[in-house]
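Only the coordinates and a few stated rules stand behind these numbers; no lab work does. Note that the coordinates shown come from a computational prediction; the quantities given were computed from them, not determined experimentally. All Cβ positions, even for glycine, are placed from backbone atoms using ideal geometry, and neighbour counts span all protein chains on display.
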Amino acid sequence: MKFLFHSFFGLLFLVADTARLPYSLPLGIDIDLCLFYVLFTALSRPLTESAIVAACLGIGLDAFSGTAFGLHFTVYLWLVAALAWIPAYADAENAFFIALASASGVLVQGLFFSVAAAFMAGSRTTAAPAFKDIALSAFFAAPAGWFIISRLKTLFIKMNGRRDRTEPRIYIGDSNQDRLD
């Protein structure tokens, strides 16, 4: 059932990202929906599962988006590697944390793409987005990411039950805990 869930939503977000024109949203906002799905798997699924989903979505977006091959793949795997350890030590289901992770993911992706575009352009002019556009996208990505990731978690639990990393945990900072984990 997990395979069907990841296949359906992965393809849905992949088509949604590649079918619309970049910066077609108002105010120059360009939010990557596949990034939110990668963040969902990184924060609530095991590392191997989230790395496979990130690799598949990264290769898919690289193949169909028209960017240089390997940019999305690299960013998604870096985000999975950076966020995979967090659910073991912190409450990854916290709404503020999810919003912060979404905004940070959009910022990292935008800055990585800008640096890559500048590097590939050399002395030529580049069509990389300005930092204000990246910051504006990150600002709107915080509530959008929280909403999308929380809805994906709800759907995943309804389809598969509470298993693996989506289980509630007791953390070191819990005041009702008598022992350390």
Expressed in nm to one decimal, what extension gain is obtained for the pair Ile52 and Ala68 from 0.36 nm per residue of sequence separation less their Cα-Cα distance? 3.7 nm
Extension gain from Ala19 to Trp85, taking 0.36 nm per residue of separation minus the Cα-Cα distance: 20.4 nm
What nm distance separates the two modelled labels at Phe5 and Asn160, each placed 7 Å from Cα along Cα→Cβ? 0.4 nm
Cα-based Rg/(2.2 N^0.38 Å) for region 39-105, rounded to two decimals, is 1.14
So how do 37-50, 67-80 stack up, highest first, on mean other-Cβ count within 10 Å? 37-50, 67-80
